[in-house]
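First the structure, in the form of structure tokens, and then the observations on it.
The values are calculated or read from the model by the stated rules, or taken from the named source; none is laboratory data. Just so it is clear, the structure is predicted and the values come from calculations on it, not from any experiment. Methodologically, a virtual Cβ is constructed for each residue, glycine included, from the backbone with ideal geometry; neighbour enumeration extends over all protein chains shown.
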Amino acid sequence: MPPKVVSGARAKVGIYDPATGQTTIVGIWSDISYSLQYDVQPVYILGRYSASELDYTSMDVVRITATGWRTIKNSPHVAAAVPRLQDLLNHEYLEFAIIDRQLEAEGGDGRIAKIRNIRPEGYSQGFSARQLSSTSYSFVGLLVDTEDATNSEHPTSTNLP
């Protein structure tokens with residue numbers, strides 16, 4: 001029976017580009033992390049010292065950071081789909097898929113996370129003597145799904161026209 005705990009050796013990351021319809025596995029990343037945060041506000045009422053209840057008021061955007069090796073002919077504009085300045089006006093959302101190789105080998109699609117509606121925010125690079133060069137990337141997304149739960153707005157919520 002294969003282990004149930006996922007490790008970095010089992011995980012791989014794919015970027016889906018809606019402009020091309022292609023998913024590209026990013027083979028230069030050594031680390032990726034993402035976070036989902038809900039905003040919870042206390043409700044204070046007159047005649048009480050403590051909060052009366054806690055209410056959800058919003059969900060923040062999904063924050064994604066990734067670190068990878070700098071390779072020649074694979075700048076951040078190629079490897080991580082960071083748009084060039086002249087392409088910002090027409091840049092499409094990206095989608096990330098975190099794939100478990102073990103689940104994929106067992107016949108499924110292997111996705112343990114899907115982050116939708118992503119915009120690259122930027123990157124930083126550095127070079128040091130006697131060390132490999134790496135690049136850090138930051139992204140924001142709107143929603144994250146897991147292998148056992150899909151996140152979406154309630155059907156009665158409003159949208160941009």
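Identify the residue in region 1-41 that is outside any strand (DSSP E or B) and hydroxyl-bearing (Ser, Thr, Tyr) and, among all such residues, is farthest from Pro120 (Cα to Cα).
Filtering first and then ranking leaves Ser7.
In region 117-161, which residue that is of a type in the set (Asp, Glu) and without any contact (Cβ under 8 Å) to a residue 24 or more places away in the chain is farthest from Arg63 (Cα to Cα)?
By that ranking, first place goes to Asp148.
Being among the basic types (Lys, Arg), over 18 Å from Pro18 (Cβ atoms) and assigned to a strand (DSSP E or B) is true for just one of Arg63, Arg119, Arg48, Arg130. Which residue is that?
Selected residue: Arg63, the only one of Arg63, Arg119, Arg48, Arg130 that is among the basic types (Lys, Arg), over 18 Å from Pro18 (Cβ atoms) and assigned to a strand (DSSP E or B).
How do the pairs read when you match residues in region 52-66 that are more than 12 Å from Leu142 (Cα to Cα) with residues anywhere that are among the small types (Gly, Ala, Ser) and in a strand (DSSP E or B), using Cβ under 8 Å and keeping only pairs 6 or more apart or on different chains?
Every condition considered, the pairs that remain are Thr65/Ser33; Thr65/Ser136; Thr65/Ser138; Ala66/Ser33; Ala66/Ser136.
Working only within region 66-98, note down all residues that are in a strand (DSSP E or B) and closer than 16 Å to Asp17 by Cα.
Across region 66-98, the qualifying residues are Leu94, Glu95, Phe96, Ala97, Ile98.
Determine which member of the set Leu89, Leu54 is exposed (fewer than 10 other Cβ atoms within 10 Å of the Cβ) and on the phi < 0 side of the Ramachandran plot.
Exactly one residue qualifies, and that residue is Leu89.
Restricting attention to region 24-38, does a residue exist that is out of contact with any helix residue (DSSP H, G or I) (no Cβ under 7 Å at 6 or more places or on another chain) and more than 30 Å from Ala79 (Cα to Cα)?
yes
Given (1) surrounded by 14 or more Cβ atoms within 10 Å (Cβ to Cβ); (2) at pLDDT 90 or above; (3) in contact with a helix residue (DSSP H, G or I) (Cβ under 8 Å, 6 or more places away or on another chain), identify the lone condition not met by Ile99.
Unmet for Ile99, out of (1) surrounded by 14 or more Cβ atoms within 10 Å (Cβ to Cβ); (2) at pLDDT 90 or above; (3) in contact with a helix residue (DSSP H, G or I) (Cβ under 8 Å, 6 or more places away or on another chain): (3).
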